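The values are calculated or read from the model by the stated rules, or taken from the named source; none is laboratory data. As the structure is a prediction and not an experimental result, all values here were calculated from the model. Because the Cβ atoms are built from the backbone with ideal geometry, glycine has one as well, and the counts that use them run over all protein chains shown. Keep in mind that these areas ignore ligands, DNA and RNA; they rest on the heavy atoms of the full protein, side chains included. Shrake-Rupley method; radii C 1.70, N 1.55, O 1.52, S 1.80 Å.
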Amino acid sequence: MGVVFERPKSLTQQKFHYCPGCHHGIIHRLVAEVLDELGLQDRTIAIASVGCSVFAYDYFDVDAIQAAHGRAPAVATGVKRSRPESIVFTYQGDGDLASIGAAEIIHAAARGENITVIFVNNAIYGMTGGQMAPTTLVGQETTTSPQGRNPKNAGYPIRMSEMLATLPGASYIARTSVHDPKHVRETKKAIKEAFQVQVEGKGFSLVEVLSACPTNWHMTPVESLEWIKNEMIAYYPLGKFKSAEEAK
Amino acid sequence: MLKQMILAGFGGQGVMSMGQLLAYGGMLEGKEVAWIPSYGPEMRGGTANCSVTISTAPISSPLVTEPDIVVAMNRPSLDKFEPMLKPGGILFINSSLIDRPARRTDITVYYVPVNEKAGILGESRVANMVMLGALLQAEPVIKPLSVMESLKKVLPENKHHLLPLNAQALAMGAEVVKEKSNKKTVCNVG
Amino acid sequence: MSKVLMKGNEAIGEAAIKAGCRYFFGYPITPQSELPEYLSRRLPQVGGVYLQAESEVAAINMVYGAASTGARVMTSSSSPGISLKQEGISYLAGSELPCVIVNIMRGGPGLGGIQPSQSDYFQATKGGGHGDYRLLVLAPASVQEIVDLVKEGFDLAEKYRIPVMILGDGILGQMMEPVDLGSETTLEAGEKPWAVTGKMGRTKNIINSLYLDPEKLEKHNRHLEKKYLEIKAKETRSELYQTSDAEIVVAAYGMIARVAKAAVDMAREEGIRAGVFRPITLWPYPEKELNQAAAQAKAVLTVEMSLGQMVEDVRLSLNGRLPVEFYGRVGGMVPTARAVYEEIKRLAKTYGEVK
């Protein structure tokens, strides 16, 4: 009987440190499966950011760089410009990408950098213990918005994918979710398309993945899945905002 | 030989290139040279100046605070740099545009109407070359020929037809200095 | 090879190309913009990449990325921009990445001015960013020395896997002097086994400065310390001018050392035995060389375009052996040779044998 399930080659043997119900593990695996399927492991350089996924460099079995908070797209730019033959991706959370790194992600997209960005949006700062993120929903309680995010004080959550899709330099922008198996499969498809865009030299690609943080949301993993489905997707609609074909 | 100069005027009068030609020519003669520009917003519209040092020995400091030579292409430059001249130094005044005589009495002054002279040649942009010709006649820090050599290297090929005009301008400036009436060792010109 | 007349800023660019640097990431700021302008023209001609970043923060992180792949890479800025780069510089130091960072200093603090200054000495030599780290800091005093030190800077950066800073000022950047650009460096391939290039069958490489386990971070800090001590022992550079019999030694770096030389010439004409000690490496500071230069000295005068920064290293090096006095101009004002000469004369009267 043949092997029906195994660890992707592009993941190391290292055990994930993520909390129960956290989706980083699934998303790591999807990225690794895609790298395996496209035969990219040997020429891939991963850029880990600051956040819960800071140790991504330990989990992916590819050459890797740990970047300063928010700066991964700039680091990726330096890598890709000096080694255009490499496949370069950043793995960033919503605090990293949408707050402190907003300038870097916008300009990497505007330049049409031929890199792939995996953007994990869980609407909260996970690593530092559940503070309000730029993507925290209105009314959502966090340790720094204990009465719920009040837009009069804290403004509104940013829809990064929609914003980035307006840039002519961006070639592929999609938002997916991993709250059920169907959406996990769709996420993998999007990640694969994003890497293919890079392989074909078509420019900047980004997949925003809505994901759960049960620990800081103070929910059970199952409640978290419901919350993504009912609350997050309502504000952050899924879909492809830009595909390589329509990119100019 | 160590000569330090400040060349000053407003933007567009060609004081920067005048200084660069001196430095370039000095280098071609195997001398030690340095050129330092003023920089910043003053370059855009206000007064611009550059310092040039030409020496037969290594230059310790290329910063010019007590110049041997000052070229003033406009009035603000004269007001600013005349007081800095070394006693016994040489001051060149663009008498086409400057309405006052020199105030110092311990220096040599040449009044050179560079814009009028350039007008005779039909090209106002060589006014700086007229002044350079005057400077080199009064104080031959480098040979006029070296200036022409530098111009050849600095100008792109398609501008080489302008070389004779520049040579004429240099010669015209030298003539002004040769005429004794334009030189004042003691300032008394009204 | 014949000499060419070049601006300091442009000479930095050409020297980098001669040193095999093919990648430059920067952001415009006066008074160093001629350097990115020059490289935006030249790098594509030699198959390199010039990229104007969205900010100094992004530029230094692009340097971090390119350096991670083993590429020879450079960035440049002036004081306020260098402050913005400090985060990235700390990461470069922590991850032991070689690169060259140019600071053409202007007056501060804050937006300050655009005229020359030496007020970033502390920032360059004592840290600047967070954490226990050093940069190798080189301070040229002429356009020719810029070329020589930029080339050497790249070699030192790679030899020790350390970011190297070229510290100049606005005058040096703007000044034109004749320069011999020398020959092109030939780079040997495959001498950076640590670089991230795609793993290609080997075990993966990681560029990282994160060590959450304090024992591991201490080990990393000790490793860096060992490297810094080695650099201190081997890589100090300085120039001595008329110091063998000098009663008054003037300590100054960069352009101001040349002003000091002119002042010493004036003093010598008046029979005052003065000399100049010019550190070329500001970190490591040439302590031994300063003590040798001041062997016959009665006092040391430090001259800077700052309120007194390098003077602290002069005092530390001499360790109380000699009186150390300070003369500085700030805000973009430059000390004149005459003013420095007057200070030398004053010190000679106060401390010298010949009164």
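Does A:A212 satisfy being without any contact (Cβ under 8 Å) to a residue 12 or more places away in the chain and either surrounded by 20 or more Cβ atoms within 10 Å (Cβ to Cβ) or of a type in the set (A, V, I, L, M) (or both)?
Numbers: without any contact (Cβ under 8 Å) to a residue 12 or more places away in the chain: no; either surrounded by 20 or more Cβ atoms within 10 Å (Cβ to Cβ) or of a type in the set (A, V, I, L, M) (or both): yes.
In short, no.
For the range C:147-192, a residue qualifies if it is away from chain B (no Cβ under 14 Å), open to solvent by less than 10 Å² (accessible area, probe 1.4 Å) and modelled with pLDDT under 95, but none of them does. Applying the criterion of being touching a Gly at 6+ places or on another chain (Cβ under 8 Å) and open to solvent by 10 Å² or more (accessible area, probe 1.4 Å) to the residues of the range A:61-79, the residue that is farthest from the other protein chains (Cβ to nearest Cβ) is A:H69.
Okay, residues lined up against (1) acidic (D, E); (2) out of contact with any Phe, Trp or Tyr (no Cβ under 8 Å at 6 or more places or on another chain); (3) at pLDDT below 95:
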{"position": "B:G11", "(1), (2), (3)": "no, yes, yes"}
{"position": "B:G25", "(1), (2), (3)": "no, yes, no"}
{"position": "B:W35", "(1), (2), (3)": "no, yes, no"}
{"position": "B:M43", "(1), (2), (3)": "no, yes, yes"}
{"position": "B:S51", "(1), (2), (3)": "no, no, no"}
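For the range B:54-64, does any single residue satisfy the condition of being in a loop (DSSP other than H, G, I, E, B), in contact (Cβ under 8 Å) with a residue 60 or more places away in the chain and either within 15 Å of the chain's Cα centre (by Cα) or more than 10 Å from chain C (Cβ to nearest Cβ) (or both)? Lay out the reasoning, then the answer.
First, pick out the residues of the range B:54-64 that are in a loop (DSSP other than H, G, I, E, B): B:56-64.
Imposing the further condition that a residue be in contact (Cβ under 8 Å) with a residue 60 or more places away in the chain reduces the set to B:64.
Next, from what is left, pick out any that are either within 15 Å of the chain's Cα centre (by Cα) or more than 10 Å from chain C (Cβ to nearest Cβ) (or both): B:64.
Yes: the range B:54-64 contains one or more residues that are in a loop (DSSP other than H, G, I, E, B), in contact (Cβ under 8 Å) with a residue 60 or more places away in the chain and either within 15 Å of the chain's Cα centre (by Cα) or more than 10 Å from chain C (Cβ to nearest Cβ) (or both).
Looking only at the range A:22-57, count how many residues are outside any helix (DSSP H, G or I) and either surrounded by fewer than 18 Cβ atoms within 10 Å (Cβ to Cβ) or within 13 Å of chain C (Cβ to nearest Cβ) (or both). Give the derivation first.
If we filter the range A:22-57 for residues that are outside any helix (DSSP H, G or I), which is where we start, we get A:22-23, A:38-40, A:44-51.
If we keep only those that are either surrounded by fewer than 18 Cβ atoms within 10 Å (Cβ to Cβ) or within 13 Å of chain C (Cβ to nearest Cβ) (or both) as well, we get A:38-40, A:44-51.
Number of matching residues: 11.
For the range A:118-141, a tally of residues being open to solvent by 10 Å² or more (accessible area, probe 1.4 Å) and at negative phi returns 12. Would you check which residues across the range A:80-92 are more than 7 Å from chain C (Cβ to nearest Cβ) and either among the hydroxyl-bearing types (S, T, Y) or open to solvent by 10 Å² or more (accessible area, probe 1.4 Å) (or both) and list them? Matches in the range A:80-92: A:K80, A:P84, A:E85, A:T90, A:Y91. In the range C:202-210, the count of residues that are within 27 Å of C:A71 (Cβ to Cβ) and open to solvent by less than 20 Å² (accessible area, probe 1.4 Å) is one or more.
Pairs meeting the criteria (first residue in the range C:196-219 and more than 9 Å from chain A (Cβ to nearest Cβ), second residue of a type in the set (A, V, I, L, M, F, W, C) and part of a helix (DSSP H, G or I), beta carbons under 8 Å, at least 6 apart or on different chains) are C:Y211/C:L217.
Name the one entry in C:E87, C:E54, C:E96 that is among the charged types (D, E, K, R) and touching a His at 6+ places or on another chain (Cβ under 6 Å). So that I can check it myself, show each step before the final result.
Details: C:E87 fails: touching a His at 6+ places or on another chain (Cβ under 6 Å); C:E96 fails: touching a His at 6+ places or on another chain (Cβ under 6 Å).
Unique residue meeting the criteria: C:E54.
Considered as a group, the residues in the range A:143-175 that are part of a helix (DSSP H, G or I) and of a type in the set (G, A, S) include one that is surrounded by the fewest Cβ atoms within 10 Å (Cβ to Cβ), and that residue is A:A154. The number of residues in the range C:57-78 that are open to solvent by 10 Å² or more (accessible area, probe 1.4 Å) and either more than 10 Å from chain A (Cβ to nearest Cβ) or not in a helix (DSSP H, G or I) (or both) comes to 4.
Of all the listed residues (C:G352, C:G320, C:G254), the sole one being of a type in the set (G, A, S), open to solvent by less than 10 Å² (accessible area, probe 1.4 Å) and over 30 Å from C:M175 (Cα atoms) is C:G352. Is it the case, given these coordinates, that A:E113 is part of a loop (DSSP other than H, G, I, E, B), touching a Pro at 6+ places or on another chain (Cβ under 8 Å) and at pLDDT 95 or above? Taking the combined requirement at face value, the residue satisfies it.
Residues of the range B:128-153 being closer than 22 Å to B:A8 by Cβ, part of a helix (DSSP H, G or I) and out of contact with any Leu (no Cβ under 7 Å at 6 or more places or on another chain), which ones?
Once the filter is applied, which keeps residues that are closer than 22 Å to B:A8 by Cβ, part of a helix (DSSP H, G or I) and out of contact with any Leu (no Cβ under 7 Å at 6 or more places or on another chain), the range B:128-153 yields B:N128, B:V130, B:M131, B:A134, B:L135, B:L136, B:Q137, B:A138.
Among the criteria (1) more than 14 Å from chain C (Cβ to nearest Cβ); (2) open to solvent by less than 40 Å² (accessible area, probe 1.4 Å); (3) under 16 Å from the mean Cα position of the chain (by Cα), the one B:A23 does not fulfil is (1). Just one of the numbered conditions (1) modelled with pLDDT of 95 or more; (2) assigned to a strand (DSSP E or B) is not true of B:M18: (2).
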